[in-house]
Number of protein chains: 4
Amino acid sequence: MNGNRFGRLFQVTTFGESHGEAMGCTISGCPAGLELTAEDIQADLDRRKPGQSMITTSRGEPDDVSIKSGIQDGYTTGTPIGLVIQNKDARSGKYEPFITAPRPSHGDFTYSAKFGTRNWGGGGRSSARETVNWVAAGAVAKKLLAREGIELKAHVNQIGDIEAPEVSFEEIKAHSEENDVRCAHPETADEMQELIADYQEEGDSIGGSIYFEAQGVPVGLGAPRFDSLSARLGQAMMAVPATTAFEFGLGREAREWTGKERNDDWEFDEDGNPTPVENDHGGIQGGISSGEPIYGEVTLHAPTSIPKSQQTADWETGELKEEKVIGRHDPVLPPRGVPVVEAMLALTLVDFMLLSGRLNPDRVDDQPGTYDTDYHPSNPRNE
Amino acid sequence: MNGNRFGRLFQVTTFGESHGEAMGCTISGCPAGLELTAEDIQADLDRRKPGQSMITTSRGEPDDVSIKSGIQDGYTTGTPIGLVIQNKDARSGKYEPFITAPRPSHGDFTYSAKFGTRNWGGGGRSSARETVNWVAAGAVAKKLLAREGIELKAHVNQIGDIEAPEVSFEEIKAHSEENDVRCAHPETADEMQELIADYQEEGDSIGGSIYFEAQGVPVGLGAPRFDSLSARLGQAMMAVPATTAFEFGLGREAREWTGKERNDDWEFDEDGNPTPVENDHGGIQGGISSGEPIYGEVTLHAPTSIPKSQQTADWETGELKEEKVIGRHDPVLPPRGVPVVEAMLALTLVDFMLLSGRLNPDRVDDQPGTYDTDYHPSNPRNE
Amino acid sequence: MNGNRFGRLFQVTTFGESHGEAMGCTISGCPAGLELTAEDIQADLDRRKPGQSMITTSRGEPDDVSIKSGIQDGYTTGTPIGLVIQNKDARSGKYEPFITAPRPSHGDFTYSAKFGTRNWGGGGRSSARETVNWVAAGAVAKKLLAREGIELKAHVNQIGDIEAPEVSFEEIKAHSEENDVRCAHPETADEMQELIADYQEEGDSIGGSIYFEAQGVPVGLGAPRFDSLSARLGQAMMAVPATTAFEFGLGREAREWTGKERNDDWEFDEDGNPTPVENDHGGIQGGISSGEPIYGEVTLHAPTSIPKSQQTADWETGELKEEKVIGRHDPVLPPRGVPVVEAMLALTLVDFMLLSGRLNPDRVDDQPGTYDTDYHPSNPRNE
Amino acid sequence: MNGNRFGRLFQVTTFGESHGEAMGCTISGCPAGLELTAEDIQADLDRRKPGQSMITTSRGEPDDVSIKSGIQDGYTTGTPIGLVIQNKDARSGKYEPFITAPRPSHGDFTYSAKFGTRNWGGGGRSSARETVNWVAAGAVAKKLLAREGIELKAHVNQIGDIEAPEVSFEEIKAHSEENDVRCAHPETADEMQELIADYQEEGDSIGGSIYFEAQGVPVGLGAPRFDSLSARLGQAMMAVPATTAFEFGLGREAREWTGKERNDDWEFDEDGNPTPVENDHGGIQGGISSGEPIYGEVTLHAPTSIPKSQQTADWETGELKEEKVIGRHDPVLPPRGVPVVEAMLALTLVDFMLLSGRLNPDRVDDQPGTYDTDYHPSNPRNE
């Protein structure tokens, strides 16, 4: 089975299982000359890591990233960046009851049926632990995008039936990291936290959603139709574990809007260029970025691993059993999903920045000129 | 710009613009030995073609498909299948006002800004006319899937605020082609038709959605995480013109369900194999098909080309203008989108059937043995 | 079976069989704004087409190319370019004896064994007729490269044991199209022609080779190791029908040279940049272009279809048979292979020009500004 | 820069520099159920590693491989296999003179010109140290191929002007590992060894070549034209560092053979199937394997790093300099290249075994049935 590669030019390739020895990620296609340290990556890993708060699993993983290649004197060299993150606190024993009796709605059965085997400790490859690799790669993508003036941020906008009011991009940046739920609206965050605690106490879990937004994206990203910006975002976000819906712009609501209501008239901006009066189109027109903010939502279903008793069918013994999943699991996914969604958004955008020639695939300008060959006439920077 | 290729092993490559000379599609990776005629393809093209009814554009395109290669004596040969569909009824003149003054929320501006030019007749490459290629390729995919016992069908389940009640797969197959709206619930279809007529009269358009379902899909399709079945379906469906949301299983609603509610307990089927009691998971667990029906929804926004007056900004003259889009346009997209959604579903599934080894990539068994080398020991069919 | 796609960003996808209805080729990834007409493509097709001379097959194919999409007012639009070339003079009857009795060393047996069938007329998909598509796509690539100052040319440097002396790039450009053999050394060309006539008279055929060279290639093309410039050239050239060897720089001879002999010392060019004193490295160092001319050779074996009697084994009847291949076949391949080798060289180089950011993937500057949006600040040309 | 990925279904992705912290390789697409230990991989790594003999660099690298994922209880699980190999004995200091003054014919200049920087220690990414990753991945491929009855082996058949006589596949398997040169003809091996010693003493190096052969390859592998078996082998072998020529079958010699001489007549094998009388076609006809042994040659130029004085041009100081490359370098490449060539041959073949459906992409049969779901009706093994 393949499926561990993302990106056409900014290529991410991953390995690792929840209770294996290590997670790892190879990035190729990152231009040379980007200043990059393990700390840059660690900051995002810390936002995703377990044990941050009461509403995340208590598994104690430091998630320390080690850069094995692709960096010289603190700058990227244009060659593949190898990242490895050791797994430390894996306790597989708790999963033994489920080796031949699959947890309801988890990947246990489909993996075993496909492969005739699976790494059963903690979900193995199907575990959301895999996303540690994505967040690591996404941190590199974000650094590249920031140089080009592209900013992106996500926050939790719904848990169960508690929905946050609309908040601005500035508010999301300012407030989403201030509370454990990662909701940028503090009052709603408190309500969400209570709701989660209630479900947790019952031994149950709950679904929710994440709103994402990117600003500063230039006009012209996307390769319609099959690789339109919306199609690639759709793939990226639907790859996030537990995702059941992807929407951009008006999303599902667009089914009830008329053309006249949804269409965004054109006016001129201060430089005399056409610009849409509103942004009901969500920053993408005809599959290509319009220059307006790109925004949308991702729905994550409730975690399937819950302490409540559930019925399973043991294919070895042929018996129906009632089982409780006792591991250390999150009662809700969106709070830790925020950096994951940001990472997939960043990886998608940086790939299109390269594909559309907005980023030089060989190198960017940060690095000091120690080994510089800038004066060489073939150097595209000299043209 | 690339973006005209779909599929890793069942590969579809397209060309063509709305008012260009022809549309075309090359399929490679279709196994040899499949009985295939132009009529097989034509049947689906006729479901998509313009001028079928009052609620579709009156553009008169026969959409006759011509097979240029890859077929011998009525059977596929395993080599690329070249398809060409001539454009006949293209009247570009009506689009002249929009050459430098983009239609609101259409791809006019983004294409021109990206390329410095565009084929402006009828939307050019950004037109949904491109989907004639997809439907042609999808018809071939459906034939392959049918041999494996996989059936799929879509219907229109919402237009504006009129939503169809839940209908069974059998009902969808029986009724969705009986009315112009392609809604499998006849009473709702009537209401939808009236609503569409109202908007059409006003010179406006309206959004809607399509429900799709596939049955008989074996356990084990999908390559998590980046190419999980849900991720690839997400890409496929978000590539459909005007799509703003993709959902599978509970979709967006999953955000309000608890784990206990959504999880599907296991029981044994009549053969003694584990099978889920319900199918709230939508046929995909851990990114891999579970053997249960795969279902979901796609939201299509209202057509952007409407006769109502809208404001545009002419980048050549620097003037704001009020314009009406006079072409021959659909007042609503889902009815003609049904075969398109089915095509993308079929293309995604057939690709995974090949990727998972469920389909022999070299050949299937239909063809008579005239040039047969079956007795050769290297022939995998003899093993 | 796939295998009909070439290029990562400049993507060529082909279809067609020797005696099918048409050949075709879709190019995507060609930037907008390139002036392009059918005549530009036709010029190269005419160099490859059959019936040019006594030493090429007498099959009468006009090979007229028709552009179906991707062009507006004589300039590319950045969207896929669909090309179709009708097959006219196909006489399949002569191939009937070989339907179940494979021609020696042709693809008859391998195709039938793989697919259980094959298009047996004239070799079907395995025929070198497929290269008409490559030459068409290569003509577009050459136009793009010429804008960047990259020139390339090939000529026939050996037929049987007659080898041309070394000739300069200027001589190749000046003389290779002056004789039927396409050898840039006129005296050698005469000898080759006689040798070919001798073998033709005997009912036999003969092998030969093509020398190719590209000048003006900037430093920095190639993605070592798996996609180094030499690896990709290796794939491109080995794809040419009948090719049994690919060499660049010293090629096979390098096995007898010492490091000191082969290494090229560095000096400074007139601009004060490092430049190699010689070019024994063939323009590629460490898998990346060095700025020096890229050169090499391709060996093509003798055509397998010969009038001389040969033994075949009929898998239908179980009988050994002596057969003569009576079709209209070339007695030698390199003369018509010259534009094919040039095409594959051009396709490889243009792809790396895009991959390394030397060419803007969205557009080049040729087109007049009728629909120009150049003033738009997001336009990368304005930066 | 990308270029660190090989294979369409059996996918290998690599990272690492000569003097970086570690080398690494991720394999995805290996079916589940293959028995695999670090020792299986280590055996081939030991054949490639430095310090084996007088004619290899004395750099002391144990090259211990560590498996980070994809294995459970000694069997593959079908999920990505992460491999890491630490670099231990890196002494970068000796390369300081070459930071801004490139070694002749090495990748120093092209890397610096492309990226504006490079990891200069020992050649960084351009070093043949990268091939440790290939050999590791190749060892896994070989295990899979062996299960299918495919054997492959290479040996050194020429060093300088000393050429080995033709030896059989059995002899290659028996003798090639018996001497330091890895030549299967013992007397020639002695001569080669002396020649190498002579050049080494002079401070020079010498070129050579490797012959490879695969037996048991079934009919039907290859995806002509662009991905014909010969084209993909061409890419694979030309990717090997220092390779300047790739030949299969008669190779370069085919240019002097007539059609009648080279064509292989058909007869029937003992089972009554068509089989070629000889194998001058090298096991590939029409780009597809014929069932006969696949064989060919790869030419490797002399190592560029030599102690002899050479001229370089320092782009920082603008001075011409005479320099000697003092590191620990091989005087000849083919002996250590043998396992590398075998690895690339194995990786190419296993990929086509998957692409042609000869290998089940989900799983093979080795593993004990602990977590078996074999009885499940969707399991293709039960069909």
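The values are calculated or read from the model by the stated rules, or taken from the named source; none is laboratory data. Computed from a predicted model, the values in this text were never measured in an experiment. Here Cβ is always computed from backbone atoms with ideal geometry, including for glycine, and neighbour counts include all displayed protein chains. To get the accessible areas, we keep the full protein, side chains included, count just its heavy atoms, and leave off ligands, DNA and RNA. Shrake-Rupley method; radii C 1.70, N 1.55, O 1.52, S 1.80 Å.
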> Which one of these is under 30 Å from D:Ala128 (Cα atoms), within 7 Å of another protein chain (Cβ to nearest Cβ) and free of Cβ contacts under 8 Å to residues at least 24 places away in the same chain: C:Glu256, C:Glu247, C:Glu261?
Replying inline: C:Glu256
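Can you pull out every residue in segment A:172-194 that is among the charged types (D, E, K, R), open to solvent by less than 80 Å² (accessible area, probe 1.4 Å) and either over 23 Å from A:Thr57 (Cβ atoms) or touching a Pro at 6+ places or on another chain (Cβ under 9 Å) (or both)? Lay out the reasoning, then the answer.
Residues of segment A:172-194 that are among the charged types (D, E, K, R), as a first pass: A:173, A:177-178, A:180, A:182, A:187, A:190-191, A:194.
The next check asks that each one be open to solvent by less than 80 Å² (accessible area, probe 1.4 Å); those that pass are A:173, A:177, A:180, A:182.
The answer is A:Lys173, A:Asp180, A:Arg182.
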> Would it be correct to say that B:Arg47 is open to solvent by 30 Å² or more (accessible area, probe 1.4 Å), of a type outside the set (A, V, I, L, M, F, W, C) and touching a helix residue (DSSP H, G or I) at 6+ places or on another chain (Cβ under 7 Å)?
Replying inline: yes
>> Need pairs with beta-carbon distance below 9 Å; first residue under 20 Å from D:Lys49 (Cβ atoms) and within segment D:171-192, second part of a helix (DSSP H, G or I) and hydroxyl-bearing (Ser, Thr, Tyr); sequence gap 6+ or separate chains.
In response: D:Val181/D:Thr188
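Of the residues that make up segment B:79-98, is at least one over 22 Å from C:Arg5 (Cβ atoms) and within 14 Å of chain A (Cβ to nearest Cβ)? Spell out the reasoning first.
Of segment B:79-98, the ones over 22 Å from C:Arg5 (Cβ atoms) are B:86-98.
Add one more test, that the residue is within 14 Å of chain A (Cβ to nearest Cβ), and what stays is B:97-98.
Yes; the residues of segment B:79-98 include at least one that is over 22 Å from C:Arg5 (Cβ atoms) and within 14 Å of chain A (Cβ to nearest Cβ).
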>> Can you report the number of residues in segment D:291-308 which are facing another protein chain (nearest Cβ under 9 Å) and assigned to a loop (DSSP other than H, G, I, E, B)?
In response: 8
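So which residues in segment C:322-335 are under 21 Å from the mean Cα position of the chain (by Cα), in a loop (DSSP other than H, G, I, E, B) and not acidic (Asp, Glu)?
In the first step, residues of segment C:322-335 are kept if they are under 21 Å from the mean Cα position of the chain (by Cα); the result is C:329-335.
After this cut, where a residue has to be in a loop (DSSP other than H, G, I, E, B) as well, the list is C:329-333.
Matches in segment C:322-335: C:His329, C:Pro331, C:Val332, C:Leu333.
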> Could you count how many residues in segment A:322-354 are under 24 Å from A:Lys94 (Cβ atoms) and either facing chain B (nearest Cβ under 9 Å) or out of contact with any helix residue (DSSP H, G or I) (no Cβ under 7 Å at 6 or more places or on another chain) (or both)?
Replying inline: 9
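Report yes if D:Gly78 is within 30 Å of A:Asp108 (Cβ to Cβ) and part of a loop (DSSP other than H, G, I, E, B), otherwise no. Before you say what the answer is, go through the steps one by one.
Working: within 30 Å of A:Asp108 (Cβ to Cβ): yes; part of a loop (DSSP other than H, G, I, E, B): yes.
In short, yes.
Residue-by-condition table, conditions (1) among the hydrophobic types (A, V, I, L, M, F, W, C); (2) surrounded by fewer than 24 Cβ atoms within 10 Å (Cβ to Cβ):
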{"position": "C:Arg8", "(1), (2)": "no, yes"}
{"position": "C:Thr14", "(1), (2)": "no, no"}
{"position": "C:Glu17", "(1), (2)": "no, no"}
{"position": "C:Ala38", "(1), (2)": "yes, yes"}
{"position": "C:Pro62", "(1), (2)": "no, yes"}
{"position": "C:Ser69", "(1), (2)": "no, no"}
{"position": "C:Gly74", "(1), (2)": "no, yes"}
{"position": "C:Thr77", "(1), (2)": "no, no"}
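Just name the residue that is most open to solvent (accessible area, probe 1.4 Å) out of those in segment C:236-290 that are part of a loop (DSSP other than H, G, I, E, B) and at pLDDT below 95. Even if it seems obvious, please write down each step before you answer.
If we filter segment C:236-290 for residues that are part of a loop (DSSP other than H, G, I, E, B), which is where we start, we get C:239-242, C:249-250, C:257, C:263-265, C:269-273, C:277-283, C:286-287, C:290.
So of that shortlist, the ones also at pLDDT below 95 come out as C:269-273.
On the way: C:Asp269: 48, C:Glu270: 183, C:Asp271: 107, C:Gly272: 35, C:Asn273: 2 Å².
It comes out as C:Glu270.
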> When A:Ile99 is evaluated against the numbered criteria (1) surrounded by fewer than 22 Cβ atoms within 10 Å (Cβ to Cβ); (2) closer than 30 Å to D:Ser112 by Cα, which criterion, by number, is the only one it fails?
Replying inline: (2)
> Would you call C:Ile294 among the β-branched types (Val, Ile, Thr) and under 30 Å from C:Ile326 (Cβ atoms)?
Replying inline: no
> In segment C:343-377, which residues are open to solvent by 30 Å² or more (accessible area, probe 1.4 Å), polar (S, T, N, Q) and at pLDDT below 50?
Replying inline: C:Thr370
> Residues in segment C:309-321 that are assigned to a loop (DSSP other than H, G, I, E, B) and surrounded by fewer than 24 Cβ atoms within 10 Å (Cβ to Cβ): how many?
Replying inline: 6
> List pairs: first in segment C:226-243 and closer than 19 Å to D:Met1 by Cβ, second of a type in the set (Asp, Glu) and not in a strand (DSSP E or B), Cβ under 9 Å, 6+ apart or cross-chain?
Replying inline: C:Arg232/C:Asp351
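When you go through C:Pro80, C:Pro31, C:Pro104 one by one, which is the residue that is farther than 21 Å from C:Ala346 by Cβ and not acidic (Asp, Glu)?
Details: C:Pro80 fails: farther than 21 Å from C:Ala346 by Cβ; C:Pro31 fails: farther than 21 Å from C:Ala346 by Cβ.
On inspection, the qualifying residue turns out to be C:Pro104.
Which residue is farthest from the other protein chains (Cβ to nearest Cβ), if the candidates are limited to segment A:200-216 and must be of a type in the set (S, T, N, Q) and in contact with a strand residue (DSSP E or B) (Cβ under 8 Å, 6 or more places away or on another chain)? Step through it out loud before you land on a result.
Taking segment A:200-216 and keeping what is of a type in the set (S, T, N, Q), we get A:200, A:205, A:209, A:215.
Next, only the ones that are in contact with a strand residue (DSSP E or B) (Cβ under 8 Å, 6 or more places away or on another chain) stay: A:205, A:209, A:215.
On the way: A:Ser205: 4, A:Ser209: 5, A:Gln215: 14 Å.
Restricting to residues being of a type in the set (S, T, N, Q) and in contact with a strand residue (DSSP E or B) (Cβ under 8 Å, 6 or more places away or on another chain), the top hit is A:Gln215.
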> Looking only at segment B:43-73, which residues are at pLDDT below 90, assigned to a loop (DSSP other than H, G, I, E, B) and within 11 Å of chain C (Cβ to nearest Cβ)?
Replying inline: B:Asp73
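May I ask you to verify whether C:Glu319 is more than 8 Å from chain D (Cβ to nearest Cβ) and within 23 Å of the chain's Cα centre (by Cα)?
It is false that C:Glu319 is more than 8 Å from chain D (Cβ to nearest Cβ) and within 23 Å of the chain's Cα centre (by Cα).
If I go through segment D:50-60 residue by residue, how many of them are more than 16 Å from D:Glu178 (Cα to Cα) and crowded, with 17+ Cβ neighbours inside 10 Å? Walk me through it before giving the result.
At the first step, the residues of segment D:50-60 found to be more than 16 Å from D:Glu178 (Cα to Cα) are D:50-51, D:57-60.
Checking which are crowded, with 17+ Cβ neighbours inside 10 Å leaves us with D:50, D:57, D:59.
Of the residues in segment D:50-60, 3 are more than 16 Å from D:Glu178 (Cα to Cα) and crowded, with 17+ Cβ neighbours inside 10 Å.
Out of all the residues in segment A:217-231, which are of a type in the set (A, V, I, L, M, F, W, C), assigned to a loop (DSSP other than H, G, I, E, B) and either at the interface with chain B (Cβ under 7 Å from one of its Cβ atoms) or over 19 Å from the mean Cα position of the chain (by Cα) (or both)? Working first, answer last.
Of segment A:217-231, the ones of a type in the set (A, V, I, L, M, F, W, C) are A:217, A:219, A:221, A:223, A:226, A:229, A:231.
With the extra rule that they be assigned to a loop (DSSP other than H, G, I, E, B), the set shrinks to A:217, A:219, A:221, A:226.
Of everything in segment A:217-231, those that are of a type in the set (A, V, I, L, M, F, W, C), assigned to a loop (DSSP other than H, G, I, E, B) and either at the interface with chain B (Cβ under 7 Å from one of its Cβ atoms) or over 19 Å from the mean Cα position of the chain (by Cα) (or both) turn out to be A:Val219, A:Leu221, A:Phe226.
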